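The values are calculated or read from the model by the stated rules, or taken from the named source; none is laboratory data. Please read all numbers here as calculations on a predicted model, not as lab measurements. A quick note on method: Cβ atoms are made from the backbone with ideal geometry, for glycine too, and the neighbour counts reach across all protein chains shown.
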Amino acid sequence: MPTQREVELTQQTTIASGTAETTIVTADPNFRRNLTRLIITTANAAAATLTLRDSTGGTTRAILDYPNAAVAPAEPLIINFDPPMQQQASNNNWTLQASVAAGAIHITADFVTGN
């Protein structure tokens, strides 16, 4: 059985103009990837809802209104998870899906791997 690895990793992703569910943290076949922080930026001037899931097509773990008004946000959306947001099972992606197909959304996801 694998043992827990306390290694913090980072992955950057850009959601181009679209509403498709997009992987923000790729799966690990042996370990869960537990989120410690999300940093989200955009120059979009369209109010949007971002849906965070802990597997492709899986359970919704958070719904974020960003930007929350029809104006480009002046600040990034930074969410720290302490303790880390637990992934329900190993070998799954974390995904984010935008409700509006506006300009690019940039995501930096920090996570730790563990069992």
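Considering only region 60-88, state which residues are among the polar types (S, T, N, Q) and not in a loop (DSSP other than H, G, I, E, B).
60, 80
Residues to consider are 13, 41, 51; find the one that is of a type outside the set (Gly, Ala, Ser), surrounded by 15 or more Cβ atoms within 10 Å (Cβ to Cβ) and either free of Cβ contacts under 8 Å to residues at least 60 places away in the same chain or assigned to a loop (DSSP other than H, G, I, E, B) (or both). If you could, list the steps in order and put the result at the bottom.
Working: 13 fails: either free of Cβ contacts under 8 Å to residues at least 60 places away in the same chain or assigned to a loop (DSSP other than H, G, I, E, B) (or both); 41 fails: either free of Cβ contacts under 8 Å to residues at least 60 places away in the same chain or assigned to a loop (DSSP other than H, G, I, E, B) (or both).
From the options 13, 41, 51, the qualifying one is 51.
Residue 21 passes all but one of (1) in contact (Cβ under 8 Å) with a residue 12 or more places away in the chain; (2) more than 21 Å from residue 7 (Cα to Cα); (3) surrounded by fewer than 15 Cβ atoms within 10 Å (Cβ to Cβ); (4) touching a strand residue (DSSP E or B) at 6+ places or on another chain (Cβ under 6 Å); which number fails?
(3)
Any idea how many residues of region 87-112 are at pLDDT 95 or above, among the hydroxyl-bearing types (Ser, Thr, Tyr) and surrounded by fewer than 21 Cβ atoms within 10 Å (Cβ to Cβ)?
Looking only at that region, the number is 1.
Which residue pairs have Cβ atoms closer than 6 Å, lie 6 or more positions apart in sequence or on different chains, and pair a first residue in region 93-104 that is free of Cβ contacts under 8 Å to residues at least 60 places away in the same chain with a second residue that is part of a loop (DSSP other than H, G, I, E, B) and crowded, with 20+ Cβ neighbours inside 10 Å?
none
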